[in-house]
Amino acid sequence: MLVVENVVAGYVEEVNILHGVSLEVRQGQISSIIGPNGSGKSTLVRVICGMLPTREGEVRYDATRLTGTPAHRMAELGIAYLPQERTVFPHLTVEQNIDLGGWTFRRDSARIGRMRRKVYDQFPILADRKNVKGGDLSGGQQKILEVARALMIEPSLLVFDEPTVGLAPIVAKEVYDTLERLRAEGMTVLLVDQNVREAVRIGDHVYVLELGRNKADGARDAFAGDLHALIKDWLQI
(Lines give C-alpha, C1' and ligand atoms only; values in the text may rest on other atoms or scores of the structure.)
Protein backbone atom coordinates (compact mmCIF):
# COMPACT_ATOMS: atom_id res chain seq x y z
CA MET A 1 0.00 0.00 0.00
CA LEU A 2 2.81 2.42 0.90
CA VAL A 3 6.34 2.36 -0.49
CA VAL A 4 9.20 4.58 0.70
CA GLU A 5 12.20 4.26 -1.60
CA ASN A 6 15.71 5.56 -0.86
CA VAL A 7 14.46 8.74 0.84
CA VAL A 8 16.95 11.42 1.80
CA ALA A 9 15.59 14.37 3.82
CA GLY A 10 16.48 16.91 6.48
CA TYR A 11 15.46 20.19 8.07
CA VAL A 12 18.59 22.28 7.50
CA GLU A 13 20.29 22.80 4.17
CA GLU A 14 23.08 20.30 3.53
CA VAL A 15 22.32 18.40 6.76
CA ASN A 16 20.45 15.15 6.15
CA ILE A 17 18.53 13.28 8.83
CA LEU A 18 17.43 10.43 6.57
CA HIS A 19 20.07 8.76 4.41
CA GLY A 20 18.34 6.56 1.85
CA VAL A 21 15.60 5.03 4.01
CA SER A 22 13.25 2.50 2.43
CA LEU A 23 10.22 0.57 3.68
CA GLU A 24 6.97 -1.02 2.57
CA VAL A 25 3.65 -1.02 4.39
CA ARG A 26 1.43 -3.92 3.39
CA GLN A 27 -2.33 -3.67 3.31
CA GLY A 28 -4.17 -4.93 6.38
CA GLN A 29 -1.01 -5.08 8.50
CA ILE A 30 0.63 -3.11 11.29
CA SER A 31 4.13 -2.05 10.23
CA SER A 32 6.20 -0.89 13.21
CA ILE A 33 9.18 1.45 13.07
CA ILE A 34 11.53 1.36 16.05
CA GLY A 35 14.87 2.96 16.80
CA PRO A 36 16.69 5.17 19.30
CA ASN A 37 16.05 8.88 19.73
CA GLY A 38 17.51 10.71 16.76
CA SER A 39 17.25 7.75 14.42
CA GLY A 40 14.88 9.60 12.08
CA LYS A 41 11.59 7.87 12.89
CA SER A 42 9.45 10.99 13.24
CA THR A 43 11.29 12.67 10.37
CA LEU A 44 10.31 9.77 8.15
CA VAL A 45 6.67 10.14 9.19
CA ARG A 46 6.78 13.85 8.34
CA VAL A 47 8.12 13.01 4.88
CA ILE A 48 5.40 10.41 4.30
CA CYS A 49 2.65 12.80 5.42
CA GLY A 50 3.83 15.71 3.26
CA MET A 51 5.22 17.94 6.01
CA LEU A 52 8.85 17.66 4.92
CA PRO A 53 10.07 17.44 1.32
CA THR A 54 12.44 14.77 0.11
CA ARG A 55 15.85 15.62 -1.29
CA GLU A 56 16.17 12.27 -2.98
CA GLY A 57 13.96 9.22 -3.35
CA GLU A 58 10.20 9.02 -3.44
CA VAL A 59 7.07 7.94 -1.59
CA ARG A 60 4.26 6.04 -3.32
CA TYR A 61 0.84 5.30 -1.90
CA ASP A 62 -1.49 2.85 -3.60
CA ALA A 63 0.45 3.38 -6.86
CA THR A 64 0.14 7.18 -6.54
CA ARG A 65 3.33 9.22 -6.22
CA LEU A 66 3.09 11.11 -2.91
CA THR A 67 6.39 12.94 -3.19
CA GLY A 68 5.60 16.67 -3.24
CA THR A 69 1.97 16.20 -2.16
CA PRO A 70 1.08 18.80 0.51
CA ALA A 71 0.00 17.62 3.95
CA HIS A 72 -3.54 19.02 3.66
CA ARG A 73 -4.30 16.64 0.79
CA MET A 74 -3.49 13.46 2.71
CA ALA A 75 -7.01 13.11 4.10
CA GLU A 76 -8.42 13.20 0.56
CA LEU A 77 -6.11 10.33 -0.35
CA GLY A 78 -7.21 8.26 2.63
CA ILE A 79 -4.22 8.82 4.91
CA ALA A 80 -4.88 9.80 8.53
CA TYR A 81 -1.96 11.09 10.61
CA LEU A 82 -1.98 11.10 14.41
CA PRO A 83 0.98 13.03 15.82
CA GLN A 84 2.75 12.40 19.08
CA GLU A 85 1.40 15.62 20.58
CA ARG A 86 -2.09 15.75 22.08
CA THR A 87 -4.53 17.17 19.54
CA VAL A 88 -7.81 16.96 21.44
CA PHE A 89 -9.58 20.31 21.74
CA PRO A 90 -10.05 20.40 25.53
CA HIS A 91 -12.92 22.87 25.67
CA LEU A 92 -15.01 21.12 23.00
CA THR A 93 -17.15 18.10 23.75
CA VAL A 94 -16.24 14.61 22.63
CA GLU A 95 -18.84 14.80 19.88
CA GLN A 96 -17.60 18.18 18.67
CA ASN A 97 -14.05 16.81 18.55
CA ILE A 98 -15.24 13.82 16.54
CA ASP A 99 -17.20 15.96 14.10
CA LEU A 100 -14.07 18.00 13.38
CA GLY A 101 -12.62 14.85 11.84
CA GLY A 102 -15.13 15.30 9.05
CA TRP A 103 -14.06 18.85 8.26
CA THR A 104 -13.28 18.04 4.62
CA PHE A 105 -16.94 17.08 4.07
CA ARG A 106 -18.47 19.34 6.73
CA ARG A 107 -21.31 20.47 4.45
CA ASP A 108 -22.52 16.89 4.05
CA SER A 109 -24.52 16.53 7.27
CA ALA A 110 -25.81 13.08 6.31
CA ARG A 111 -22.27 11.75 5.91
CA ILE A 112 -21.18 13.41 9.16
CA GLY A 113 -24.04 11.71 10.97
CA ARG A 114 -23.38 8.33 9.37
CA MET A 115 -19.67 8.38 10.21
CA ARG A 116 -20.32 9.62 13.74
CA ARG A 117 -22.67 6.68 14.36
CA LYS A 118 -20.07 4.29 12.96
CA VAL A 119 -17.39 5.73 15.25
CA TYR A 120 -19.68 5.44 18.27
CA ASP A 121 -20.32 1.79 17.38
CA GLN A 122 -16.56 1.21 17.33
CA PHE A 123 -15.92 3.13 20.55
CA PRO A 124 -18.94 2.85 22.88
CA ILE A 125 -17.05 4.60 25.67
CA LEU A 126 -17.02 7.77 23.56
CA ALA A 127 -20.73 7.48 22.85
CA ASP A 128 -21.34 7.31 26.60
CA ARG A 129 -19.26 10.47 27.11
CA LYS A 130 -20.20 12.41 23.98
CA ASN A 131 -21.22 15.50 25.95
CA VAL A 132 -18.11 15.52 28.15
CA LYS A 133 -15.39 18.05 27.34
CA GLY A 134 -12.35 16.51 25.69
CA GLY A 135 -10.06 17.91 28.35
CA ASP A 136 -11.93 15.99 31.04
CA LEU A 137 -11.09 12.60 29.53
CA SER A 138 -8.22 10.47 30.77
CA GLY A 139 -5.02 10.40 28.74
CA GLY A 140 -5.89 7.05 27.22
CA GLN A 141 -9.42 8.16 26.37
CA GLN A 142 -8.03 11.26 24.66
CA LYS A 143 -5.86 9.06 22.46
CA ILE A 144 -8.87 6.92 21.62
CA LEU A 145 -10.76 10.11 20.78
CA GLU A 146 -7.97 11.14 18.42
CA VAL A 147 -8.20 7.76 16.68
CA ALA A 148 -11.99 8.05 16.45
CA ARG A 149 -11.72 11.54 14.95
CA ALA A 150 -9.20 10.26 12.38
CA LEU A 151 -11.57 7.46 11.36
CA MET A 152 -14.22 9.98 10.32
CA ILE A 153 -12.57 10.20 6.88
CA GLU A 154 -12.67 6.40 6.48
CA PRO A 155 -8.91 6.22 5.95
CA SER A 156 -7.14 3.35 4.27
CA LEU A 157 -3.91 4.05 6.16
CA LEU A 158 -3.47 5.21 9.76
CA VAL A 159 -0.06 6.74 10.56
CA PHE A 160 0.50 6.83 14.32
CA ASP A 161 3.56 8.58 15.80
CA GLU A 162 4.47 7.60 19.39
CA PRO A 163 0.89 6.90 20.55
CA THR A 164 1.65 6.04 24.17
CA VAL A 165 4.26 8.61 25.19
CA GLY A 166 3.51 9.78 28.73
CA LEU A 167 0.77 7.20 29.31
CA ALA A 168 0.77 4.73 32.18
CA PRO A 169 1.25 1.10 31.07
CA ILE A 170 -2.34 0.11 31.85
CA VAL A 171 -3.61 3.08 29.84
CA ALA A 172 -1.19 2.41 26.98
CA LYS A 173 -2.60 -1.10 26.75
CA GLU A 174 -5.97 0.40 25.77
CA VAL A 175 -4.30 2.13 22.83
CA TYR A 176 -2.51 -1.00 21.64
CA ASP A 177 -5.69 -3.04 22.02
CA THR A 178 -7.44 -0.47 19.83
CA LEU A 179 -4.78 -0.74 17.12
CA GLU A 180 -5.03 -4.54 17.12
CA ARG A 181 -8.80 -4.37 16.83
CA LEU A 182 -8.57 -1.92 13.93
CA ARG A 183 -6.19 -4.27 12.14
CA ALA A 184 -8.65 -7.12 12.67
CA GLU A 185 -11.25 -4.91 10.97
CA GLY A 186 -8.96 -4.43 7.95
CA MET A 187 -7.17 -1.18 8.81
CA THR A 188 -3.58 -0.68 7.68
CA VAL A 189 -1.35 0.96 10.30
CA LEU A 190 2.12 2.49 10.24
CA LEU A 191 3.25 2.70 13.86
CA VAL A 192 6.26 4.64 15.12
CA ASP A 193 6.97 3.75 18.72
CA GLN A 194 9.54 3.94 21.51
CA ASN A 195 7.85 1.06 23.30
CA VAL A 196 9.91 -1.56 21.55
CA ARG A 197 8.34 -4.61 23.15
CA GLU A 198 4.79 -3.57 22.22
CA ALA A 199 5.76 -2.33 18.77
CA VAL A 200 7.27 -5.73 18.01
CA ARG A 201 4.46 -7.64 19.67
CA ILE A 202 1.67 -6.09 17.62
CA GLY A 203 3.64 -5.38 14.43
CA ASP A 204 3.35 -7.75 11.48
CA HIS A 205 6.55 -6.33 10.03
CA VAL A 206 9.21 -4.38 11.95
CA TYR A 207 11.70 -1.81 10.67
CA VAL A 208 14.68 -0.70 12.74
CA LEU A 209 16.22 2.70 12.01
CA GLU A 210 19.56 3.90 13.31
CA LEU A 211 21.26 7.20 12.47
CA GLY A 212 18.78 7.83 9.68
CA ARG A 213 19.40 4.54 7.93
CA ASN A 214 17.75 1.14 7.73
CA LYS A 215 19.46 -1.17 10.21
CA ALA A 216 17.22 -4.21 9.95
CA ASP A 217 13.70 -5.31 9.07
CA GLY A 218 11.65 -8.44 9.03
CA ALA A 219 8.53 -10.21 10.22
CA ARG A 220 7.69 -10.02 13.92
CA ASP A 221 8.94 -13.53 14.63
CA ALA A 222 12.40 -12.60 13.42
CA PHE A 223 12.72 -10.07 16.25
CA ALA A 224 10.79 -11.53 19.13
CA GLY A 225 13.41 -14.10 20.13
CA ASP A 226 16.48 -11.87 20.06
CA LEU A 227 15.11 -8.40 20.65
CA HIS A 228 17.58 -7.44 23.36
CA ALA A 229 20.59 -8.38 21.24
CA LEU A 230 19.31 -6.24 18.38
CA ILE A 231 18.90 -3.03 20.34
CA LYS A 232 21.20 -3.43 23.35
CA ASP A 233 23.45 -0.58 22.19
CA TRP A 234 20.76 2.07 22.24
CA LEU A 235 17.95 1.11 24.58
CA GLN A 236 17.62 -0.46 28.01
CA ILE A 237 14.81 -3.02 28.11
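Observations
- The order of the peptides 213-220, 97-104, 176-183 by mean Cβ neighbours within 10 Å, most packed first, is 97-104, 176-183, 213-220.
- Length gained when the stretch residue 117-residue 220 is fully extended (0.36 nm per residue, less Cα-Cα span): 33.6 nm
- Label positions at residue 14 and residue 107, each projected 7 Å from the Cα along the C-beta direction, are separated by 4.9 nm.
- Accessible carbon and sulfur surface of region 1-70 relative to its total accessible area, %, 1.4 Å: 43
- Here the contact order of the chain, divided by its residue count and restricted to Cα pairs under 8 Å and six or more residues apart, works out to 28 percent.
- Dipole of the chain [Lys/Arg +1, Asp/Glu -1 at C-beta], most positive-end residue of 148, 30, 15: 148
- Efficiency of FRET from Cβ geometry, residue 26 and residue 84, R₀ 22 Å, rounded to 0.05: 0.40
- The residues of region 100-224 expose on average 45 square angstrom of accessible surface per residue, using a 1.4 Å probe on protein heavy atoms.
- Taking the C-alpha atoms of region 14-136, convex hull volume expressed per residue in Å³: 160
- Placing dummy labels 7 Å off each Cα toward the beta-carbon, the span from residue 73 to residue 96 is 3.3 nm.
- Set of lysines near residue 215 by C-alpha distance (under 18 Å), chain-local residues within fewer than 8 positions excluded: 41, 232
The values are calculated or read from the model by the stated rules, or taken from the named source; none is laboratory data. Since we're looking at a predicted model, the values are computed, not measured. All Cβ positions, glycine included, derive from the backbone under ideal geometry; neighbour counts span all protein chains shown. For the accessible areas, the whole protein counts, side chains as well, though only heavy atoms, and no ligand, DNA or RNA atoms are used. Shrake-Rupley method; radii C 1.70, N 1.55, O 1.52, S 1.80 Å.
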